[in-house]
Amino acid sequence: MKQAVLYVGHGSRVKEAQDKAISFMRSCMPLVEADIQEICFLELNEPYIEEGFEICVKKGATHIAIVPLLLLTAVHAKSDIPVEIEKVKKRFPQVKVTYGRPIGVNQEVTKAVVVRIEEAGYRGERARILLVGRGSSDPDVKRDVFGIADDVRSMLPRTEVLPCFITACEPNYRDVLAQLTLDEHKPVYIIPYLLFTGILMKEIESEVDQARERLQDVRLCRYIGFHPHVKAAYMERVKETILNKEDVFRFQGEGHASNQS
């Protein structure tokens, strides 16, 4: 039996973001015990999932663990990637497939959030923290971001943590920023809960510049990115997907629905 791991990145039009995603996934490979390890993407960049799967099969894979590199649980994890897997699974029914979970709510990622806040100057004072997620119409995205916010509160008990979103669900981070009142004793830390830089970061930077005209102490943290704690969380997902003994390739909410070939 030949074990393969197929890492699935989202894909990006921004070359810097794409290069960082590839570098991150490659850095995971030495930590994984598998005969075959390949990288593919859901969209925008090749190879796509079908091609990545075919490469694994041509190299002799009999079990392919497919692991999405996604921070949050949303339509990509629950629908888009499983649809692609089902297509290729029909072509290669003899291959066992297990499908991993997004990183989701994870203590390691919360540690990465805390590190980014500390990098921006936090030293245990009372503070307000805006945890800014991308946003989605999928309610599980809101659940994940609120769950991370709860964990941040437990790690930084002197802070007020306000989960909010860039688009598609409420509360919108612009509205939350606009509602903040001046409090000289509480700096505001804005932490973009994103893996990549790009247009969204530029938008956040612009909003923060405007907020600084009204609030005394507003600090923009680095986006989460591929921090070592994010890597630790992702490695958990990779290893649990490899160890899964069932042929599973549908994602539903917190778990998976199995589909035997």
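Residue pairs whose Cβ atoms lie under 9 Å apart, separated by 6 or more positions or on different chains, with the first residue in the range 158-169 and touching a residue at least 24 places away in the same chain (Cβ under 8 Å) and the second aromatic (Phe, Trp, Tyr), are Thr159/Tyr122; Thr159/Tyr189; Leu162/Tyr173; Pro163/Phe146; Pro163/Tyr193; Cys164/Tyr173; Phe165/Tyr173; Ile166/Tyr173. Considering only residues in the range 105-142 that are hydrophobic (A, V, I, L, M, F, W, C) and within 18 Å of Tyr173 (Cα to Cα), the one that is nearest to the chain's Cα centre (by Cα) turns out to be Val141. Quick check on the range 209-227. Is at least one of its residues part of a helix (DSSP H, G or I), more than 30 Å from Pro68 (Cβ to Cβ) and of a type in the set (Asp, Glu)? Yes, because at least one residue in the range 209-227 is part of a helix (DSSP H, G or I), more than 30 Å from Pro68 (Cβ to Cβ) and of a type in the set (Asp, Glu).
Scanning the range 1-24 for residues that are open to solvent by less than 30 Å² (accessible area, probe 1.4 Å), outside any helix (DSSP H, G or I) and over 18 Å from Lys96 (Cβ atoms) yields Gly9, Gly11, Ser12.
For Arg143, state whether it is touching a residue at least 60 places away in the same chain (Cβ under 8 Å) and touching an Asp or Glu at 6+ places or on another chain (Cβ under 9 Å). Talk me through it step by step, then tell me what you get.
Details: touching a residue at least 60 places away in the same chain (Cβ under 8 Å): yes; touching an Asp or Glu at 6+ places or on another chain (Cβ under 9 Å): no.
Spelling it out, it is not the case that Arg143 is touching a residue at least 60 places away in the same chain (Cβ under 8 Å) and touching an Asp or Glu at 6+ places or on another chain (Cβ under 9 Å).
When residues in the range 25-81 are screened for being of a type outside the set (A, V, I, L, M, F, W, C), touching a helix residue (DSSP H, G or I) at 6+ places or on another chain (Cβ under 6 Å) and part of a helix (DSSP H, G or I), 1 of them pass. If the condition is being more than 18 Å from Gln216 (Cα to Cα) and open to solvent by 80 Å² or more (accessible area, probe 1.4 Å), then the range 155-186 contributes Pro157, Arg158, Glu170.
When residues in the range 187-241 are screened for being open to solvent by 10 Å² or more (accessible area, probe 1.4 Å), aliphatic (A, V, I, L, M), modelled with pLDDT of 90 or more and under 19 Å from the mean Cα position of the chain (by Cα), 3 of them pass. Apart from one condition, Ile55 fits all of (1) out of contact with any Asp or Glu (no Cβ under 7 Å at 6 or more places or on another chain); (2) open to solvent by 20 Å² or more (accessible area, probe 1.4 Å); the exception is (1).
When Thr110 is tested against (1) open to solvent by less than 30 Å² (accessible area, probe 1.4 Å); (2) under 29 Å from Ile36 (Cβ atoms), exactly one condition is not met: (2).
The values are calculated or read from the model by the stated rules, or taken from the named source; none is laboratory data. Predicted model, so just to flag it, every value in this text is computed and none were measured. Here the Cβ is made from the backbone with ideal geometry for all residues, glycine too, and neighbour counts use every protein chain on show. Ligands, DNA and RNA are stripped out before the accessible areas are found, and what is left, the full protein with its side chains, is counted by its heavy atoms. Shrake-Rupley method; radii C 1.70, N 1.55, O 1.52, S 1.80 Å.
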